[in-house]
Amino acid sequence: MPKKILVIDDEPKIVEICRDYLKASGFDVVSAGDGQQGLNAARREKPDLIVLDLMMPGMDGLDVCRSLRREGNTPIIMLTARVEESDKLVGLELGADDYITKPFSPRELVARVRVVLRRASGDLTSEVIRVGEVSVDRARYEATLPDKTILLTPTEFEILATLMRQPGRIFSRAQLLTAVHGIAFESYERAIDSHIRNLRRKLETASGEVRYIITVHGVGYKFES
């Protein structure tokens, strides 16, 4: 059964291009023309991935992303015409898995969709990694602490699994990007910081103590039990 992609964008031409290229690549595609319609479609259609425009009248992409993340972890790729890095990072901090800047190549969109879906599906092995109190299970695609299951986006999961496979090793941003995307995009390196902040928030103790993921200033990050 083909994977279902939901495209949410208020520009009909963008929706048409995305739909045509994704369908030609074997995906089932549904679309919505504004944020509220998109949120309703996501709840109704249960897509495997959402392509979400950042700038829309009424409920914008950030509001939609925020609502979607309260309800689940469906992978999200944001489309943005904004060039400021801070705008892109806000979307990533809300839980988006990737972003593409307009104007974009439709072939790049298809490639990014495939990469994010591949991360979301995992490799379905029985690998379980345990470091200290934290466990990640690739078959179930979940992370756990003794008292709770941690809900992670596909990108967050891959970053955490990469760090935990080699506890104590320092990973640069570029190395983490390569592990997650298969290639390091220079313009995307700072986005790792947003994903690390999200992971820390989800892993932190009730007292707010910073644990597990340690910053090595000027180098990158490492995982300590």
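Taking only Cα atoms and a 10 Å spring cutoff, compute GNM fluctuations for the chain and point out the largest among Leu145, Leu94, Leu62.
Looking only at Leu145, Leu94, Leu62, the biggest GNM fluctuation is shown by Leu145.
How big is the accessible area of Arg201 in square angstrom, nearest 10, if you roll a 1.4 angstrom probe over the protein chains?
That residue has around 130 Å² of solvent-accessible surface.
For Cα pairs less than 8 Å apart in space and 6+ apart in sequence, what is the mean separation divided by the residue count of the chain, i.e. the relative contact order in percent?
13 percent
Leaving out same-chain residues fewer than 8 places away, which lysines sit with a Cα under 27 Å from that of Lys3?
Result set, ordered by chain and number: Lys13, Lys23, Lys46, Lys88, Lys102.
For a test of the definition: using alpha carbon positions, the gyration tensor, and the 1.5 limit on a/c, classify the chain as rounded, prolate or oblate.
prolate
Just reorder Glu224, Glu158 by solvent-accessible area, largest first, 1.4 Å probe, all chains present.
Glu224, Glu158
Per residue, how many Å² of accessible area does the chain show with a 1.4 Å probe?
I get 47 Å² per residue for this part.
Looking only at Phe104, Phe157, Phe171, which one moves most when the chain is put into a Gaussian network model with springs between Cα atoms under 10 Å?
Phe104
At 1.4 Å probe size, put Val134, Val219 in order of accessible surface, largest to smallest.
These residues rank, largest area first, as Val219, Val134.
So what's the back-of-envelope 222 nm ellipticity for the chain, counting only DSSP H runs of four-plus at -39500 (n - 2.57) apiece and dividing by all residues, rounded to 500?
About -13000 deg cm²/dmol.
Glu142's amide H: which non-local residues (gap 5+, or another chain) put their own amide H closer than 5 Å, with H modeled 1.01 Å from N in plane and none for Pro or chain starts?
Distant-sequence amide H within range of Glu142: Asp137.
Taking amide H atoms as placed 1.01 Å from N in the peptide plane, list the residues 5 or more away in sequence, or in a different chain, whose amide H sits under 5 Å from that of Met59.
Answer set, sorted by chain and number: Gly35, Gln36.
Under a 5 Å amide H to amide H cut-off, with H placed in plane at 1.01 Å, what residues pair with Leu79 once short-range neighbours are removed?
Hits under the 5 Å cutoff: Leu52, Asp53, Leu54, Ile100.
What's log10 of I(q)/I(0) for the stretch 124-164 at q = 0.15, 0.21, 0.22, 0.25 Å⁻¹, Debye sum over Cα points only, no solvent?
Each listed q maps to, in turn, -0.29, -0.58, -0.63, -0.83.
Provide the per-residue ³J(HN,Hα) series for the stretch 215-220, in order, calculated from phi with Karplus coefficients 6.51, -1.76, 1.60 and θ = phi - 60°, each as a whole number of Hz, with x at glycine and proline positions.
My calculation for the stretch 215-220 gives 7, 9, 4, x, 10, x Hz in order.
The values are calculated or read from the model by the stated rules, or taken from the named source; none is laboratory data. Quantities reported herein were computed from a predicted structural model and do not represent experimental measurements. Note: areas computed on protein heavy atoms with side chains; ligands, DNA, RNA excluded. Shrake-Rupley method; radii C 1.70, N 1.55, O 1.52, S 1.80 Å.
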